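The values are calculated or read from the model by the stated rules, or taken from the named source; none is laboratory data. Nothing here was measured: the structure is a model prediction, and the numbers come from that model. Methodologically, a virtual Cβ is constructed for each residue, glycine included, from the backbone with ideal geometry; neighbour enumeration extends over all protein chains shown. Ligands, DNA and RNA are stripped out before the accessible areas are found, and what is left, the full protein with its side chains, is counted by its heavy atoms. Shrake-Rupley method; radii C 1.70, N 1.55, O 1.52, S 1.80 Å.
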Amino acid sequence: MEYRGYDSAGIGYVLQKKLEVIKACGKLHNLREQCAKEAQALTVSTALGHTRWATHGAPCVKNAHPHVSQDGRLALVHNGIIENFLELKAELLTQGYSFQSDTDSEVLVNLISQALKEEQDLVKALQKALQRAHGAYAICVLDQETPNVLYACKQQAPLICGLGIGENFIASDIPAFLNYTREVLFLEDHELLRLTPHSYELLKLDDLTPIKRDTKEIQWSMQAAQKGGYRHFMLKEIFEQPKVITDCLAGRLGANYRVLLPELDAQAIPKHLHIVACGTSYHAGLWAAHLFQSIAKVPTTVEIASEFRYKEELLLDAHCDQLLVISQSGETADTLAALDMANAIKIPTIGLCNVLGSSIARSAKAVIYTQAGPEISVASTKAMTSQMLLLTCMALYYAQRKECLKASVAQEFFDKLQALPQILEAQLPSMQERAKQLARKFAKSQSFFYLGRGFCFPLALEGALKLKELSYIHAEGYPAGEMKHGPIALIDPTFPTFVLAPIDQLLYPKIKSNLVEIQARQGQVIALTNPGSDLEHCERWEIPAFAGPLAAFLLLPCLQLFSYEVADYLGCDVDQPRNLAKSVTVE
Ligand code: M6R
C-alpha cells in the first residue's frame, strides 16, 4: 500500500498475549530495518500494518500508525479524518486519558477503548464509539484479547476485504493482496467486518444484524501490479498505454461503425453535461469537452470537484443536466462528494472509474470502467489515456444516438482509434530518447510555461502538473493566447516554454505567432509538433501527425516522458513524489 502514503509506517501484532507495535519514519524500508532490529524470527498469524500520509500531526514516529489505546489492549490503523476529534479528545482528557501523538486516530482508539470498558464486547464498543466519531474513516482494530481477529469499519473512505484460502485480508486497495487472492468483498459505509484467517462476518453497524453480500472476482493480474523490468512504475505505465488503448476499445467499436456503451443505454442523452473531477482526471474532462461539443453537440462544462461541491446553488435540472464524474481511483473525496450531491437532487449521474467496486463506481447511477489496470505510480499517466479514450467513445455514442454523426466521420474515428496502439507502440522508444535529451538540457530550469490552444490547452495543464509534481519545478499551463495578457512578462532566457504545436489548419498559425512572441523576449522554446513544421530557433520535437483532437494520444505520452526524464535526471523519487498520495480520500 506504500503508494497511498509513505511518510511513515508501522505494524502491530500480538505476541505471547501482548500487543506489540513497531514504527518507523519515512519509507517502508525503514520499517523493515526497524523490524529486523526489534523483532527477530517473528511468527504471528494476524497483524495490522499501515503506511501513512500525514493529515493530523507531522510525519514522525509518534504519529505513525498503529495507535495503541492507553491500556495497551487495542491497536488501530486509520485512514481519513475524524472531524470532531478535538472535542472528543477534550472529553477523554477530563477522564484521565493522555495522548502520545498529535493524531485524531489516537483519540479514536481511546474512544473505542473507553466504550469497551462499558460494553465488554468489542463489536458493541465499536458500534458505540463510532456513533460519536464524525468525518471520514476506514479503520482496522486488533485486540490483544482476541489475537487472531481483525475488526474493520468504514465511513466515506475505501476499505475492502480479500478472501483467500486459510488467509484473509483487509486493505484500502486491491494491489495490497492481489498476490494472495482475487476474491474481494467490498465494504459499504456503516458496516462492520469481523475477520479471522478462516471466516468473516459482516454486520450492519446500526443494529449489528448480519449482511449477506456476494464477493467479486478481480481480473487484474499481479504482474500488472509489479514493475516488470522497468525502473519505475511510472515508466512502465507510460509504456503500457498502447495496450491500455486496445483494452479500452475492446467491445466498444461495433458493427456498422456504431459505438457500444450499453452502460448508458438506459439514460437519456444529456442536454447539458457537467463534468466534475480533480487533477489529471479534470484535465481529461477538459479535453473531452471539446469532443462532446463538436461531435455530439452537447454543451459541456467542466469543473474542479472541490469547487463544485461548495457552490451556493447547483442550479441543475434533472430533465436536462447530467453529471459525469471522472476518477481513476473512484475514491477521491471531493469527486465523491460532488457525485453524492447530484444523486441527492436526482440528477442522472455517470461515473468513469478505473477501480472496480470503488465508492464512485458504486454510487453513480451508471458506471463505465476504464480498462487501464492497476495504476501504482502516484503520477497518473495511463489512466488519463484510458479516460480520454472512453470519453471519445461517449462523445461518438451520444452523437450517434442523436443522429448527428455522419457514417463517414464515424468510420474515420474508428480507423484512427484502431490504428493508435500500433502507432504509439512504435513511437514510444524514440519519444523517450528525445525526452531524455531535452530533459538534460532543461532540467535545471526553475520555472516552465506549457502552452496550448484548443484541445491542446488541457494537455498543457497536464504537462505542467506532471512536471511540478514529479520534479518540483514550478510550471504553469496556459492557453497560449493569454500570454500577452500578463504572463509573458515573466519570459527571459532562463524561463523556458513548452509549446504544444501540432500542425492543424486553424490553430497552428496562431500558436506559431505566440512562439515568435516568446522568442522575441529571448525565451527558449521546446515545440512539440509534426514533421513539416516551420517553427524555427527552438528545440523542435517532431512526432507523427494525427487527426484533430486524437493527436492528444501521441502528444500526452511525450509530456509524460519529458517530466519523467527530468525527475529521474534530478534524482527525484519518481513513483512517490514528496507530499503526495495516490488517492486523495480526505478533503
Ligand atoms: O483517482 P482520481 O483520478 O480521482 O485522482 C485525481 C487526482 O488526485 C490525480 O489525478 C492527481 O492529480 C494525479 N496524481 C496527478 O498525476
TODO: Look at the range 302-328 and say how many of its residues are closer than 23 Å to Thr585 by Cβ and open to solvent by 10 Å² or more (accessible area, probe 1.4 Å).
DONE: 9
- [ ] May I ask you to list the residues in the range 25-57 that are among the small types (Gly, Ala, Ser) and either within 23 Å of the chain's Cα centre (by Cα) or open to solvent by less than 10 Å² (accessible area, probe 1.4 Å) (or both)?
- [x] Gly26, Gly49, Ala54
- [ ] From the list Gly80, Gly10, pick out the single residue that is at pLDDT below 95 and either buried (at least 16 other Cβ atoms within 10 Å of the Cβ) or touching a Ser or Thr at 6+ places or on another chain (Cβ under 6 Å) (or both).
- [x] Gly80
Task: Selection status of Ser533, more than 25 Å from Ala435 (Cβ to Cβ) and of a type in the set (Ser, Thr, Tyr) - done: no
Open item on the list: Of everything in the range 81-100, what is of a type outside the set (Asp, Glu) and farther than 24 Å from Gln156 by Cα? Give them in sequence order.
Closed with: Ala90, Leu92, Leu93, Thr94, Gln95, Gly96, Tyr97, Ser98, Phe99, Gln100
TODO: Tell me, please, whether a residue that is in contact with a helix residue (DSSP H, G or I) (Cβ under 7 Å, 6 or more places away or on another chain), touching a residue at least 12 places away in the same chain (Cβ under 8 Å), assigned to a strand (DSSP E or B) and open to solvent by 40 Å² or more (accessible area, probe 1.4 Å) can be found in the range 206-221.
DONE: no
- [ ] Scan the range 519-541 for residues that are open to solvent by less than 80 Å² (accessible area, probe 1.4 Å) and charged (D, E, K, R) and report the count.
- [x] 2
Task: Matching residues in the range 226-248 - criterion: being open to solvent by 40 Å² or more (accessible area, probe 1.4 Å) and among the basic types (Lys, Arg) - done: Lys227, Arg231, Lys243
Task: Verdict on Tyr508 being open to solvent by 10 Å² or more (accessible area, probe 1.4 Å), within 30 Å of Tyr6 (Cα to Cα) and either hydroxyl-bearing (Ser, Thr, Tyr) or at pLDDT below 90 (or both) - done: no
TODO: Among what's in the range 334-361 and is open to solvent by 20 Å² or more (accessible area, probe 1.4 Å) and in contact with a strand residue (DSSP E or B) (Cβ under 7 Å, 6 or more places away or on another chain), pick the residue that is nearest to Phe308 (Cα to Cα).
DONE: Asn343
Open item on the list: Name the single residue that is farthest from Leu92 (Cα to Cα) among those in the range 59-76 being of a type in the set (A, V, I, L, M, F, W, C) and open to solvent by less than 60 Å² (accessible area, probe 1.4 Å).
Closed with: Cys60
TODO: Mind telling me which of the residues Ala460, Ala443, Ala475, Ala480 ends up being closer than 23 Å to Ser377 by Cα, open to solvent by less than 30 Å² (accessible area, probe 1.4 Å) and over 25 Å from the mean Cα position of the chain (by Cα)?
DONE: Ala443
Task: Filtered residues of the range 276-301 (kept if open to solvent by 20 Å² or more (accessible area, probe 1.4 Å) and more than 14 Å from the ligand (Cβ to nearest atom)) - done: His290, Gln293, Ser294, Lys297, Pro299, Thr301
Task: Index of the failed condition, Leu559 passing every other in (1) away from the ligand (no atom under 14 Å from the Cβ); (2) crowded, with 22+ Cβ neighbours inside 10 Å; (3) within 25 Å of Leu417 (Cα to Cα) - done: (1)
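Of everything in the range 226-275, what is among the hydrophobic types (A, V, I, L, M, F, W, C) and part of a helix (DSSP H, G or I)? Give them in sequence order.
Just the residues of the range 226-275 that are among the hydrophobic types (A, V, I, L, M, F, W, C), to begin with: 233-235, 238-239, 244-245, 248-250, 253, 255, 259-261, 264, 266, 268-269, 273, 275.
Scanning the range 226-275 gives Phe233, Met234, Leu235, Ile238, Phe239, Val244, Ile245, Cys248, Leu249, Ala255, Leu264.
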- [ ] Could you pull out the residue among Glu201, Glu145, Glu188 that is at pLDDT below 95 and not hydrophobic (A, V, I, L, M, F, W, C)?
- [x] Glu188
Task: Odd one out for Glu331 among (1) more than 10 Å from the ligand (Cβ to nearest atom); (2) outside any helix (DSSP H, G or I); (3) open to solvent by 10 Å² or more (accessible area, probe 1.4 Å) - done: (1)
TODO: Report the residue count in the range 150-185 for those that are acidic (Asp, Glu) and surrounded by fewer than 20 Cβ atoms within 10 Å (Cβ to Cβ).
DONE: 2
TODO: Would you mind finding the one in Ala75, Ala36, Ala90 that is closer than 27 Å to Gly164 by Cα, among the hydrophobic types (A, V, I, L, M, F, W, C) and not in a loop (DSSP other than H, G, I, E, B)?
DONE: Ala75
